[in-house]
Structures are given as C-alpha cells and as structure tokens.
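The values are calculated or read from the model by the stated rules, or taken from the named source; none is laboratory data. This structure is a prediction, so every number in the text was calculated from the model and none was measured. When we count neighbours, we look across all protein chains shown, and the Cβ atoms used for this are built from the backbone with ideal geometry, even at glycine.
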Amino acid sequence: MRRQLALVALCALAACAKSGTGSAGASPDGAIGYVRMSDVIKHHPLYSQLAQYETNIDALTLGGVVPHAVPGADVAKAQAALSKELQAAADRTKKLLDDKQKQYQAREAQAIGEALRAAGVSAPAAGAIQSQVSQTAGQQSAAVAQTAQRDFAAYQKSLQAQNQAEIAAAQRAITDKANRTYRAKQDELLAKESALTLELANRDAGARLALKTKLSSLALDDADRQDAKTKLDALDRGEADQIAAMKNRDAQTLAALQTELRAQVSKDIQTQVTAINARDLAKLHTRETDLRREFTGGTTSQTTTVAAAGQTPDLTPALRDRIAHLHADYQKQFTADAQQTIDDFQKTRSELSRRFAELGGADAAAGGDANAQIASLQHKHDQLYSQMVDQIKREASVIAQARGIGVVVSDPVAETRGVDLTDDVAKDIETLHE
Amino acid sequence: MAVTALAAFIAAPAALAADVTDIGFVDQGALSSLPAFQNASRQLNAYGQNLQKQYIGRAKGASQEQQQKLSQQFQAEMAQKQQQLFGPLFGKAQVAIASVASSKNLTVVIDKSIVIAGGVDITSNVRDLLTSPSDPVPPVATPPPSTVGYVDQSSIDNVAKIKTAEQTFASFKNDQDKSASDKLKSAKSESDRDAILKDYRKALDDEGAKVVKPVLDQTRGAIADVAKKKGIALVLDRTMVIYGGTDLTSDVTGAIK
C-alpha cells in the first residue's frame, strides 16, 4: 500500500513537472524550448517607455523628414510666392522704365517748345505744338496715375499675403524648436528612468531569485514563507519607491520646462511679428512715396516735339545747338533715373534670392536636426530594447533550468514539438516591478 | 516492471535535455573582432572611401538617371570588393565551424544572438582554429540529421501571394504616412499629436492584421506542416543557422504557392 502511494505521489510529481509548462506545445521530447520575444517584450515593465521612443520616432519621421529630398509643402508654397513676387517686381520695373521714358520725353519736349518760343518761332506753330502736348500729357498723366494706383494696390496685397505667410512660418519655426527642446528633455529623462529601473532590477536579481526559489520550496514552514514573502515585497517596494521618486522629480522638471518654453515661445513670436510688421510697413511706405514721386509731372512725346522743331525752317545754328543740348541733358537725367530704378530692382531681386536661400536652408536645417534626433532616439530605443531582451533572457534561463529544458531559443519561424515558454516568461517578467 | 517504467518516465526531462546537447552556437560578433576580419574591414573601408570620392566626382553635373546608374555601379563594385576580401575568410570560418561541430557531434550550429539558454558554445574552439597558422581541415562526414530545420525567408517572401500582401500593405502605409504627416502639421497640442499617432499606429496594425497576418499565418502553418512531416522540432531563419540543420525552403515554397 505504501509502495502504491509512493508511486502515485511520484506519478503526480512527474505529471506536475510536465503540466507545469503551461503550454499546449509541451510534448514528451520537449527538451527544446522557445520564447516569442516580440510577445514577451510587450509584458516588460519598460515596454511603455520603448513604445514612447517609437511614438517619438514616428512623430519626427512623419513631421516631414522622410520626403527630405524635396522641399516641404509649405516651403514650396513660399518659394512659389517668392517667384511670383520676383516676376511682379520685374514687370513693375519694366513699366516704370517705360513710364519714366515717356515722362522725360515730355519734359524734354516742353523745354524744347519753350526754347522755340524764346527764339521767336511763330506763336501759332509753337502754340499748336504746346496744345497738342498738353492734351497728350493730360491723357497720359491720368492713365499713369491709374496704373500707379493699381500697381500700388497689387503690391500692398502681395505684401500682406507675404506678411501673413512669414508670420505663420515664424510661429511654426519657434513652436517646432520649443517642441524639439521639450521632447529632447523628455527623452533624456526617460532614458535615465529606464536605466535606473534596469539597474535596480539587476542589482536585486540575485536576492529576488533566492527569495523566489525559497518560496517555491514545498518544505518551507509558514513563518519562513511569510518572512521570505515580506522580504520580496520589501525588495519590490524599495525599487518601486525609488523609481516613483525619480518619475515625480522628472515630471516636475518637465512641467517647469514646459512653462518656461511657453513663455519663451510667446515672447519670441511677439518679437518676430513686430519685426515683420515693422519691416513690411516701411516697405509699403517707401513704395508709396516712390510712386508718388515717380508719377508726378507732365508727359508728351519727344519725337512729336522734335519733329515739329525740325519742320520749322528758320532755326538758327545756336537754336539747333540749344535743342541738341536740351536733348543730351534730359537723356542724361533719364539714364541716371533709370539706373536708379534698375538698381532698386536688383536690390529686390537680391533680397528675394536671399529669402529663397533662407527658405531652403531653414528646411534643410530643420530636416537635419530632426534626422539627428531620430538617429539618437533610435540608438536609445535599441539600447533599451537590448537591455530588456537581456533581462527576459535571464528570466527565461531560470525557468528553463527549473523545468529541465536543455536549449531555449528565441523567435523560431515555426515549431512542432518545442516547449513554448512565452507565457511563463511573460508572467514572470510582468511581476518584476509589481 | 512498473518501477522501471516509472523511473524512465521521471527521468524523461533530463534524458531529453541530453538529446539537445547536439545543438551548438557561435558568437559571430566575437569572430568578427579577430585580426584577420578587422584587417579586411579596414581595407574595405579605405577602398570604399576612395571609391566614393571617385563616384562623387563623376556624379557632379550628371542627370538623375545617370546618378542612379552610378550609384548601382558603386554598390556593385563595393560588393565585389567585399566578396574578394571577406569571401576567403568566411570560407575558412565555415570550415572551422564544421570541423569543431563534427568533432563535438553537433548536428546544428546556430547564431548566439537567438540562444537564450543551453547549447554548446564553440566560439573559442572556432577562434583557436582560425588563429592557428595551419588551415582548418574540413570534416569528412556531412552533418547528421538534426531536429532543427531552417527556411530562407527571402525566398519565401518572393512567393506571389506574400509579395502582393506586402505590396498592398506598403501602399496603405504610404497613404497613411502622408495623411498622418498632414494632420500632424495642424496639431495644436501634445495630446493632438499623440492622438494622431495613436490612430496612425492603429490603422497600420488593423491593416496588417487584415492583409499580412492571414498570409503569414498560412505560411507559418505550411512551415509547421513540412517540419512535422520531416520530424523537425523547431524551424529557424536561415540567417541564424551557421552549420547543419535541414533546409525546408523548397518544400515550404511549394506548399504555399
């Protein structure tokens, strides 16, 4: 009877040893075990931090870094606006030059008419010429004023659109910079928290294993079991308290940084908006003054006047010289004035080119910055992952040894007879920091 | 009689554990730090830097199509040089691993990175052979049958239905990337951002479960069926099996086509 009981007990123990795998895949030749690391990793206490790294990498990647070879949509839009502005500036310059030419021709014609009259050219001839000049000048002056008004309105509209785009871009750039600063700090603190968590787990691994082994002993009496359990709880609580204290400190640091960054963002945006508005207002004012100056004065056709003068037979050589001198004089003035307009255009073009370069540079700098941050985050992610895997491997080894499993591998492609330790390791790893 | 059977039953785990002493592993990372490999690596780097300079010079002013061609030529030349420098070293390492495995009656040698517990570590034996003045001698016999099999995942990935599933998922991901990227631009707070990213992840997970997972499950099932028929306990990826093991790739690709 005693022998039969012993047999039953031994059978029960053997059955326990086999059913203890907790796995449907356990089989009589289950000497090879395996762990699905991708499943176990999700049960690790640090998984949320690993996932946070992945989220941050996603955010940076989707934030416009991937299509890095081509400019971002906003930058492309801004560049198109600048191109349009450059074309408009070229058109305006051409029109200004045409108008100036007419203006100088008119002044020249008037001066020649006066010279003709002073030289005694018959009044009807000079009067006819002057009447024609006045009529033409009136029509042209009205047309030019109208064009100038339209030109100014278009410029104002273009400037307003550009102003709004610049303000929006500045706001985005400042906010992005602050966000990057915040996330960098957040990642830094996260890495420190992970390091402390792992350090504590590693430090206490020996003691924890000894206590767990003791607790699994059937021969342990109640007092010793309670003592071991109390010590294990104290170990877990000690670790949890240290980690919680660090997390609290980090949360405070982040809250303070957020307040500081918000204030800084608000201040920086205000400064930028004021600067952009002041610059655009000054531009508008200059433009208005220039247009007023440039389009005041009469207009006529030099050729008409010169032809009229040429048709008059009684011109003395001195009068012809005077006319030639007047022509040369106005030509010189026109050339100088036109040069000023061309110089203004060149300045505008240089300014626009500089802003083109800035746009491209800003985009590249932002992309480069984000790329470096992605690389850094990826490195931290891989480091943490590797530390977590090492810890899982240690726990899996202990389980395998206790279960008499000779070889354990991770992530097989498929299995038919191996012992699946995934669930057991997952449960064990979950309790690490409970 | 009953006691003998019981004793055998109780001793089963230990006896079965002994069965798997025919699985060895090598730390390939440790082997790559041997002077011969380090030297080859330095040579390849120097060659690569020099070649890169030449190609950058040639790529200046070239059209995009020409640049792509130049890039392919560059890759091909680098691969050729790599083969030239590392080919003999890999060959020698392969022979050394086979030699040690044979002398220790191992049926399979796998990479250390996937070993969690147990197995026979032959790294130091292989290192000794590789650093000895004479070349390692290849074993006479081929590796005995193993309970570990392997498949070449890249060949399996080329099966039409798997390729189609992966392409469908890649296209979906591309659309999701664009959509999430646009949404992130208008996010006004950290919580907006997190919500967008959460939706993005969920959309990818759902699509993966719908499009890719069924095909992967089917493939896994096919691999398990083939393995069962051939008496294989575990199937690993080919890149993880360095010596021995049973190649199941062609049977599996035939089964899932």
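All conditions in (1) surrounded by 15 or more Cβ atoms within 10 Å (Cβ to Cβ); (2) facing chain A (nearest Cβ under 9 Å) hold for B:G231, with the sole exception of (1).
On the basis of being touching a strand residue (DSSP E or B) at 6+ places or on another chain (Cβ under 7 Å), of a type in the set (A, V, I, L, M) and assigned to a helix (DSSP H, G or I), does A:A396 make the cut? In short, yes.
The rows are residues; the columns are (1) under 16 Å from A:Q49 (Cβ atoms); (2) in a helix (DSSP H, G or I).
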position	(1), (2)
A:T175	no, yes
A:A184	yes, yes
A:E188	yes, yes
A:K212	no, yes
A:A219	no, no
A:Q226	no, yes
A:D233	no, yes
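Matching residues to (1) in contact with a strand residue (DSSP E or B) (Cβ under 6 Å, 6 or more places away or on another chain); (2) under 25 Å from A:N179 (Cα atoms); (3) away from every other protein chain (no Cβ under 12 Å); (4) modelled with pLDDT under 90:
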position	(1), (2), (3), (4)
B:K188	no, yes, no, yes
B:R193	no, yes, no, yes
B:Y200	no, yes, no, no
B:A209	no, no, yes, no
B:K213	no, no, yes, no
B:R238	yes, no, no, no
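Residues considered: A:Q391, A:Q378. Of these, the only one that is away from chain B (no Cβ under 14 Å), on the phi < 0 side of the Ramachandran plot and at pLDDT 85 or above is A:Q378.
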